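Worksheet: one structure, shown below.
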Amino acid sequence: MNDPGTTTMLLLMLAGLAAGWVDAVVGGGGLIQLPALVLGLPGAAPVHILATNKLGSICGTSVSSATYYRRVRPDLRTAVPMALVAFLGALGGALVASHLPKAAFNPILLVVLVAVGAYTLLRPELGSRTSLRFAGHHHTLAAVSAGLVVGFYDGALGPGTGSFFVFALVGVMGYAFLEASAKAKIANFATNLAALVIFVPQGAVIWRVGLLVGASNLVGGYLGARTAVSRGTGFVRVIFVVVVGAFVVKIGADVVRQLVG
């Protein structure tokens, strides 16, 4: 496959910058970056696009994780077990991904996203402050359970992983949005790494494109994490609702196309 031209590459890097910012704030950067790669690499096989997207994404999640850690100091006793199990879940999901009828999951995903968005909108106090619902081993169990489920989802299907991590931490475990975003980035870094463990030996990554998009994603991730920390939980909540709404529109359009087709 030929490399994209200069103009296309610059547009892909711009998409990577925007995706890194969104992903760092609340997850969901793949809604921008993945379609951009599909359009910018029309001759590439889906596995090459997915692998290149993961390379770009891990650049952003690495720097946003580090930025959140320095400025928010998320409790690693929760984040690390969640990330480790998410890594294993993503490996498992990636191994079975080719056997799953992805289109069949769109209606389920649409219902879940609508429920998540409605739940967040109908509970204005949700995520405004940290009020943990579990303690001790039950808290750790909730964290690793969320890591396993969302990690497997990322490996098998993928879109919206960061946002699902955030919602699990806010809606299920009781964290404020800012602290949830900090922990979600660590877990999302782990799932991106797991995907690359599968993709790199297959030779699926388009390295030049992935590294250039990744450099832009890295800058966006740094800026997004700084913005989230400076603007606080209320800002993160607003962006979360916007991103979930965008996913509802995207998945809803896919479902309509399936029904019409």
When segment 15-44 is examined, which residues are found to be in contact (Cβ under 8 Å) with a residue 24 or more places away in the chain and more than 18 Å from the chain's Cα centre (by Cα)? Gly40, Leu41, Gly43, Ala44
Val22 fails exactly one of (1) crowded, with 21+ Cβ neighbours inside 10 Å; (2) touching a helix residue (DSSP H, G or I) at 6+ places or on another chain (Cβ under 6 Å); (3) modelled with pLDDT of 95 or more; (4) not acidic (Asp, Glu), namely (2)
Within segment 200-223, can one find any residue that is at pLDDT 95 or above, aliphatic (A, V, I, L, M) and closer than 30 Å to Leu122 by Cβ? no
Restricting to segment 181-203, and then to whatever is among the β-branched types (Val, Ile, Thr) and assigned to a helix (DSSP H, G or I), can you tell me which residue is most open to solvent (accessible area, probe 1.4 Å)? Val197
If we ask which residues in segment 112-166 are over 11 Å from the mean Cα position of the chain (by Cα) and of a type in the set (Asp, Glu), their number turns out to be 1
Filter segment 148-180 down to the residues that are outside any helix (DSSP H, G or I) and of a type in the set (Gly, Ala, Ser), then identify the one that is nearest to His138 (Cα to Cα). Gly174
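Among the listed residues Ser230, Ser216, which satisfies the condition of being of a type in the set (Gly, Ala, Ser) and surrounded by fewer than 16 Cβ atoms within 10 Å (Cβ to Cβ)?
Values: Ser216 fails: surrounded by fewer than 16 Cβ atoms within 10 Å (Cβ to Cβ).
One residue alone meets the criteria, Ser230.
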Hits in segment 113-136 - residues which are open to solvent by less than 60 Å² (accessible area, probe 1.4 Å), outside any loop (DSSP other than H, G, I, E, B) and β-branched (Val, Ile, Thr): Val116, Thr120
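Scan segment 212-226 residue by residue and report those that are of a type outside the set (S, T, N, Q), within 25 Å of Arg70 (Cα to Cα) and out of contact with any Phe, Trp or Tyr (no Cβ under 8 Å at 6 or more places or on another chain).
Val213, Gly214, Ala215, Leu218, Val219, Tyr222, Arg226
The values are calculated or read from the model by the stated rules, or taken from the named source; none is laboratory data. Just so it is clear, the model here is predicted, and its values are computed rather than measured. Ideal geometry is used to build each Cβ from the backbone, glycine not excepted, and the neighbour counts take in all protein chains shown. Note: areas computed on protein heavy atoms with side chains; ligands, DNA, RNA excluded. Shrake-Rupley method; radii C 1.70, N 1.55, O 1.52, S 1.80 Å.
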